[in-house]
Amino acid sequence: MKTLLCLLLSIATSFAADAEALKKLGAKVTETGGVVTQVNVKCDAFTEADFKTLGSFTTIKDLTISGKTITDNTLALLTGLTELERLSSDGIQLTDAGYKHFAAFQKLKTVAFFHPAFRSKDFTGSGLAELKALPKLESLTFAGSTAGDVALEAIGQLTQLKGFRTWHTAQTQAGNVHLAKLSLTSLRLGQRLPEWGKDTPISFDESTMRIVAQIKTLESLELTEARLSAKVIPHLKALPKLTKLKIETVDISPADVEAIQAALPNCKVDFKPMSEAEKESLLVKKLRL
């Protein structure tokens, strides 16, 4: 009995020491049942050894990471995290080829990519098709990316998705067409990034709603950064399962919102009017809303 107790104490001490190793790297750590299950860390100053340390915590289920040191090579050092269910990233520098490493994370349910490989010619977005290998993947966020229609075409192949959120990318209206291939229950659709000094065509306006209307499985829809009117009503009525509609940072009159609500009696419409500051913002000017 004494030997068993000593063994348990030794194991507990080892877990504590392990957690301290992550904390020394600047990580915020959550432990459940004595093991590390959630980590939030900036990897800007990470060495290869630091990535190996992070990758050794195979009990992590929820990982939030950021930094340009996250590349094809360093992501490969994290493929031992086979219990991952949620991954959120900001500023990662993967090439299209690097997305093959995601095949190791078979339990992933939710993935978010913010500002992935911004302005990198080595990331067109085609690599996102590698996520087809994740059978449990239900939710994907793709935002703040200079990848455009190629990325949307790849995302259109992820037929296991139930939720998709995108804004501030580089797709055109042609890229949006690929969304109709998905059986989504939730969608957040925002405007593309403007190209400074250039005449940038908008990627989301009332014509885009014809594409959205083809996703008959939609239950929740969030529309942002566009100029809309009551003309979208027929497209919204074409969504038989829609019960939640959020309209935010959209140039639309209160009267048109009331008309939309009246036309959708079984749908809760959440509307936040634009402030004058938002209307005058640089983003709205650049998008010519």
Within region 252-269, track down each residue that is more than 11 Å from S220 (Cα to Cα) and either open to solvent by 50 Å² or more (accessible area, probe 1.4 Å) or touching a residue at least 60 places away in the same chain (Cβ under 8 Å) (or both). P254, A255, E258, Q261, A262, P265, N266
Hey, any hits in region 165-184 for a residue that's charged (D, E, K, R), at negative phi, in a helix (DSSP H, G or I) and surrounded by 20 or more Cβ atoms within 10 Å (Cβ to Cβ)? no
Could you please find all residues in region 23-61 being without any contact (Cβ under 8 Å) to a residue 12 or more places away in the chain, among the hydrophobic types (A, V, I, L, M, F, W, C) and open to solvent by 50 Å² or more (accessible area, probe 1.4 Å)? A49
Picking from G175, G156, which residue would you name as being under 15 Å from the mean Cα position of the chain (by Cα) and modelled with pLDDT of 95 or more? G156
Residue by residue through region 185-202, note down the ones that are among the polar types (S, T, N, Q), in a loop (DSSP other than H, G, I, E, B) and farther than 13 Å from A143 by Cβ. T185, T200
Cross-chain or 6+ apart pairs with Cβ under 7 Å, region 139-162 first and of a type in the set (K, R), then open to solvent by less than 10 Å² (accessible area, probe 1.4 Å): K162/L184
With the checklist (1) crowded, with 20+ Cβ neighbours inside 10 Å; (2) farther than 28 Å from L134 by Cα in hand, flag the one item E195 doesn't pass. (1)
For S207, the lone unmet condition from (1) more than 20 Å from the chain's Cα centre (by Cα); (2) part of a loop (DSSP other than H, G, I, E, B) is (2)
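The values are calculated or read from the model by the stated rules, or taken from the named source; none is laboratory data. Since this is a predicted model, take the numbers as computed values, not measurements. Neighbour counts are summed over all protein chains in view; Cβ atoms, including those assigned to glycine, are modelled from backbone coordinates with ideal geometry. SASA here: full protein model, heavy atoms, side chains in, ligands and nucleic acids out. Shrake-Rupley method; radii C 1.70, N 1.55, O 1.52, S 1.80 Å.
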